[in-house]
Each structure stands twice: as C-alpha cells, then as structure tokens.
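Novice: Just passing along the structure, written as structure tokens.
Read the figures in this text as sums done on the coordinates, not as results from a lab. As the structure is a prediction and not an experimental result, all values here were calculated from the model. Don't worry about glycine lacking a Cβ; one is built from the backbone with ideal geometry, like all the others, and counts go over all protein chains shown.
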Amino acid sequence: MSNLQILLLALALAFLTESMVEYLFGQAVDHIPAMASWRWALMYIAAVAGVGLAFYYRLDLLALIGQLEPSPVGFALSGLIIGRGANYLHDFVSRYILQQQFPDPEVTDLGLRDDYRPDVE
C-alpha cells in the first residue's frame, strides 16, 4: 500500500468510527434522558473503536512517518489518533457545516433585517 492510500484509509476509518459511534450510541444518548449524562463517554467509545480498527487493519501511522517497522504500540497510537480524529471531524462538521445548513431558528424566524437595531428609530 502506498503512503497516500494509508493516509486515506486512516481518514476513512476516522469518518466511519465517528459515523458508527454516533449512529449506535449517540442516538441513544440523545433520545434517552437517563443517558444524557453519559454523553462524555462517546469520546472513549470512539477511541476504543479506533484502536480496534487500527489493530485489525494493521495501521501504524507512526511507522509511515518514520519509515519504521509497524509495531503494536504504533497500532495503539494510530487507533487513538483515529478515534480522536473522529471527534475532531464531528466537531468540525457540527460547527461549520451543519450550522451553515441549519442556522439557529430563533434568529432567522424573527424576520428581522441584519442591520436592524431596536434602540435606533
């Protein structure tokens, strides 16, 4: 596998990790009020899933950078990078992409102009 293919695999795994954690666990946390306080655990679920996927695919990003032999430590660290990358990807999509597609309804539904100032007549 070429270096580019390995990097694309890592990005794809980060995306898939985030998607599956949100689909399998995030929806339950959002819809079951008793689980709302456990939202923080999703980050650790993604980390465990990332480490599992890195071991399964024998993905060692550190070996790729340093031209070293792949090792279990490299797999574990790469898995943590994939799991954390999933959270970064989710934060980016939530903050910049979804917010642009679905703006805050309280602001847009008022029908006010952008330059409207209630204190000036």
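Novice: Sort 66-72, 12-18, 41-47 by the packing proxy (mean of other Cβ within 10 Å over each peptide's residues), most packed first.
Specialist: On the way: 66-72: 10.6, 12-18: 20.3, 41-47: 17.3.
Per-residue mean Cβ counts within 10 Å order the peptides as 12-18, 41-47, 66-72.
Novice: Using Cα pairs closer than 8 Å and at least 6 residues apart in sequence, work out the relative contact order for region 17-81, in percent.
Specialist: 30 percent
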